[in-house]
1. Give the cross-link partners of Lys205 among the lysines, using a straight C-alpha distance below 19 Å as the criterion and excluding same-chain residues fewer than 8 apart.
2. Where does each of Leu316, Leu131, Leu200 land when they are ranked from fewest to most other beta-carbon atoms within 10 angstrom?
3. Considering Cα pairs under 8 angstrom that are at least six residues apart, work out the relative contact order of the chain and quote it in whole percent.
4. Angle, helix 32-43 long axis vs. longest principal axis of the chain, Cα atoms, 0 to 90°, nearest 10?
5. Given R₀ = 22 Å, what would the calculated FRET efficiency be for Arg180 paired with Asp429, taking r from the Cβ atoms and rounding to 0.05?
6. Kirkwood Rh over Cα pairs of the range 344-392 into Stokes-Einstein at 20 °C, 1.002 mPa s: D in µm²/s?
7. Indicate, rounded to the nearest 5 percent, the antiparallel portion of the DSSP beta bridges found entirely in the chain.
8. Nearest 0.05, what FRET efficiency do Ser350 and Arg264 give at R0 = 41 Å with Cβ-Cβ as r?
Amino acid sequence: MNGRAQAGHATTREGSDGDSHPIDVAIVGGGIIGLAQAHELLRRGFRVALFESHVSCATQASHANGGQISAESATPWMSPQIRRELPRWLFDRHRPVSLQPLRMGWGTLPWLASALGNTSQRRYLVNHSALHTLARYSLGIWKDVEADLATQLVPGSGVLYLYRSRREWDRAQALLARERDLAIRVETLDPDGCLKRMPLLRQSKIQAAGGFWYPDDRFGDCAAACDKLLMHLTRNGARVHMDEAVRAIEPGQGFVVLVTGRARYRVGQVVIAAGVGSAALARTAAIRLPICPVKGYTRTYPAPPLACEGPAFADLSRKVVFTPLGDRLRAAGMAVFGGFDDRPDEQYLSRIHDTAIDWLPGLRDTASQLDWACLRAMTPDGLPILGAVGSAGIFLNVGHGPLGWTLAAGAARIVADEIESGKHAGAIDSAPFRLDRDRRSAGWCVFARVSPAG
Ligand SMILES: Cc1cc2nc3c(=O)[nH]c(=O)nc-3n(C[C@H](O)[C@H](O)[C@H](O)COP(=O)(O)OP(=O)(O)OC[C@H]3O[C@@H](n4cnc5c(N)ncnc54)[C@H](O)[C@@H]3O)c2cc1C
């Protein structure tokens, strides 16, 4: 089907400089989500324009993330296990979660209440099923994108999950056993099995109590994939507006106006894919999004020789992931609830380093090449928000939290299906990802003080 014919509304610049370019869909945000969205729409014949507030793409959450495509291992953060661990974490220096009440702001409270509600066994199983379906679907579509770009975006395969204590591992197995109907492709490994899967761990200071092997999970450099997508878009006729923040979205009758610092653009449809900036932007169109910024950290080491070969692995007790990226090894973790401040803090970076040298003692005196902190756009249920909101031509592709690299390709296809067909249709059930009343209510007062980027 020709998307152009379907979209119907050409975009014009409302200024008087005559610089008018017909565009069907505008995408706000030049991270992995916006770029994957633009690619999917361009592939279908839509004329697309991408707006990014920074001078280049992938400078925010997509810049130096953990690099893992968790096709089979994706789980929502809000789980019965988290609820059980919270009291212990209050006293553990290496706790993966940190709350900074004075920085978070009161607006975070309804979000936190809703997140806690999602830690029940019942909610977790529902959310996990939806997330797993989308993650698996997305992996298939990443393969299509690789074929279309004639390049590899996610070269590595196989991820090993490790547990430090027998108790945690037993609980994880029990939870997995309850979810047999998801048919997750996973192998359960005893301590010896973990070492066989990753002999490099024989050097570790600690021994895993057990683990899981996910053969279908993949890994690769998200920022490099963004670069390749951007190059493909510009070569194939997409218009890319860098350094041009969208300040407001004004719904019209059969069109939408994007207001930037440079011009007003009249477009047929708009997709908001602006990461943690999405809530502020959506609010200009009277849409409340339940998105909370959660800071994460990464360190990038020159990889010890054997670590370059993989597999990727993760310390599930401390929620730190390790990913070989060519001649580098990326370690990523931490969830700090502290508002929109994205500056790195040495104490969290050193916690990641401590965990890294437990498993790979050779890294002890290795300096990180890149220390980085960034904000994940989290929803209380851990599911992204996808699809049309109202009937004004505004679509959402937001709230991917810790899994945006994993979910980007599948999420882009779901939103593009809806833009093209005008209805909620596609290969998987996308109903769990809609912004329904329950999900909206958690965003009623989140971050009322934040204004859109730019
Ligand atoms: C420490 C860490 C580790 C992670 N590890 C993994 C992992 O291993 N696997 C995985 O799947 N995911 C991982 N993630 C999550 C993943 O990185 C994110 O979900 C993903 O990058 C989100 O992409 P995005 O495009 O929505 O956001 P971003 O990359 O933040 O892009 C949003 C863009 O929108 C732009 N923008 C915002 N407002 C406006 C505006 N008003 N106008 C124009 N532009 C605007 C911003 O400048 C930005 O470039 C990790 C995240 C972190 C923080």
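1. Filter leaves Lys196, Lys319.
2. Working: Leu316 21, Leu131 25, Leu200 18.
With the fewest neighbours first, Leu316, Leu131, Leu200 line up as Leu200, Leu316, Leu131.
3. Numbers: 1039 pairs, mean separation 117.1, N = 454.
After rounding, I find 26 percent.
4. Orientation of helix 32-43: about 50 degrees from the principal axis.
5. Values: r = 20 Å, r/R0 = 0.90.
Once the sixth-power term is evaluated, E becomes 0.65.
6. On the way: Rh = 14.3 Å.
Answer from the Stokes-Einstein relation: 149 µm²/s.
7. Numbers: 51 of 72 bridges.
Expressed as a percentage, antiparallel bridges in the chain total about 70.
8. Values: r = 48 Å, r/R0 = 1.16.
Result of the calculation: an efficiency of 0.30.
Any read-out appearing in this document is the output of simple, stated calculations on the displayed coordinates, not a laboratory observation. It should be emphasised that the depicted structure is a prediction, and the values quoted were computed from it without experimental measurement. Every residue, glycine among them, receives a Cβ derived from its backbone with ideal geometry; neighbour counts consider all protein chains shown.
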